[in-house]
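Notes follow the structure.
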Amino acid sequence: MLELPDFERLIPTEDDSHPLLTLKGKERRNYALYSFGFTFMMTVVLYVFPPYFGLEMLTTKVSYFFLNIFGFNPRLFIYEDQTSALGFVDRILYNLYDSSRATYPAISIEGEVGVPNYYIIVRACTGMQAGSLLLGLIWSTPAKIKDRINASFLVLLFLFIGNTLRIAAMIAITTVLSYDFGVSHEYAWTLAHDRMGEPLGFVGTILFTFMIEKRNVRILDPITLWIDTLRDEIYTPLKNRIFGSK
């Protein structure tokens, strides 16, 4: 039976901003196991099990709106295809809800050559991988309920706005590189999505973490305990067994 510490005394106060880091021994190990397990399970439940078509559609419509503001002429449509057109993970997830057909929103932009390039918005495009993880951390970290609710709302709101702007920017950059500079569509998308989009996502996650911490929900403290517990309970004993203690 996992004996957990008193969560009330672990809530940050003005006098003690990081009480979680004062845990020692068995209490620290038990809390690290609990918080990691809770965060992992909440991340999986939030990201894997709910049907995401509604959020995909909303993400597509807002990205479409931003593309119009940017001066492009996008077309919004519903793309239907056999699930074999999806990647392995998305194919598994879609089979949970529709085993015969994958239906998802998409955006296309007509280029100068007269051939529209289309961009399918699937579950991975919603930004909820990071969103689910951050929510899991928020609700596994000792804090006042109002602070956790406030942090959760702000994360979801700014994540949605930032992610739709990111999608619109990636499509716009791909279009400009393809039709104004003659870059192949595949390479232009790689530059926009991988070289530019992924670093932006990383920076965004750091900014969200800072925003959550400012709400007095110290989500970095559980991560610190995970690292310390991994080092003290697994890495150090294993290293000593292999190389001998010094």
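The values are calculated or read from the model by the stated rules, or taken from the named source; none is laboratory data. Given the structure is predicted, the values throughout are model-derived calculations rather than measurements. As a convention, Cβ positions derive from the backbone with ideal geometry for all residues, glycine included, and neighbour counts pool all protein chains shown.
Given the residues Thr175, Thr209, which is the only one that is modelled with pLDDT under 95, polar (S, T, N, Q) and farther than 30 Å from Ser35 by Cα? Give the derivation first.
On the way: Thr209 fails: farther than 30 Å from Ser35 by Cα.
Answer to the selection: Thr175.
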May I ask you to verify whether Met170 is over 21 Å from Arg215 (Cα atoms) and either touching a His at 6+ places or on another chain (Cβ under 7 Å) or hydroxyl-bearing (Ser, Thr, Tyr) (or both)? yes
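Residues are listed down the side, and each one gets a yes or a no for (1) within 30 Å of Val176 (Cα to Cα); (2) touching a Phe, Trp or Tyr at 6+ places or on another chain (Cβ under 8 Å); (3) at pLDDT 95 or above:
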| site | (1), (2), (3) |
| --- | --- |
| Phe36 | no, yes, yes |
| Met42 | no, yes, yes |
| Tyr47 | no, no, no |
| Phe53 | yes, yes, no |
| Thr59 | yes, yes, yes |
| Leu67 | yes, no, yes |
| Pro74 | yes, yes, no |
Test for Ile212: is it surrounded by 18 or more Cβ atoms within 10 Å (Cβ to Cβ) and closer than 23 Å to Glu56 by Cα: no
Give the residue, chosen from Leu225, Leu200, that is closer than 29 Å to Ser132 by Cα, assigned to a helix (DSSP H, G or I) and more than 15 Å from the chain's Cα centre (by Cα). Leu225
Out of the range 152-183, which residues are out of contact with any Phe, Trp or Tyr (no Cβ under 8 Å at 6 or more places or on another chain), buried (at least 22 other Cβ atoms within 10 Å of the Cβ) and over 21 Å from Gly131 (Cβ atoms)? Ser178
Taking Asp194 as meeting all but one of (1) surrounded by 15 or more Cβ atoms within 10 Å (Cβ to Cβ); (2) part of a helix (DSSP H, G or I), write down the number of the exception. (1)
Please work out which one of (1) within 30 Å of Thr229 (Cβ to Cβ); (2) hydrophobic (A, V, I, L, M, F, W, C); (3) surrounded by 12 or more Cβ atoms within 10 Å (Cβ to Cβ); (4) at pLDDT below 95 is the condition Met1 fails and give its number. (3)
Out of all the residues in the range 8-34, which are assigned to a loop (DSSP other than H, G, I, E, B) and surrounded by fewer than 17 Cβ atoms within 10 Å (Cβ to Cβ)? Thr13, Glu14, Asp15, Asp16, Ser17, His18, Lys24
Number of positions in the range 35-51 that are surrounded by fewer than 14 Cβ atoms within 10 Å (Cβ to Cβ) and aliphatic (A, V, I, L, M): 3
Out of the range 85-124, which residues are in a loop (DSSP other than H, G, I, E, B) and either modelled with pLDDT of 85 or more or in contact with a strand residue (DSSP E or B) (Cβ under 8 Å, 6 or more places away or on another chain) (or both)? Leu86, Arg101, Gly111, Ile121, Val122
Enumerate the pairs (first residue in the range 137-162 and closer than 25 Å to Tyr31 by Cβ and among the charged types (D, E, K, R); second residue anywhere and modelled with pLDDT of 95 or more and assigned to a helix (DSSP H, G or I)) with beta-carbon separation below 6 Å, excluding pairs fewer than 6 apart on the same chain, so at least 6 apart or on different chains. Arg148/Ile138
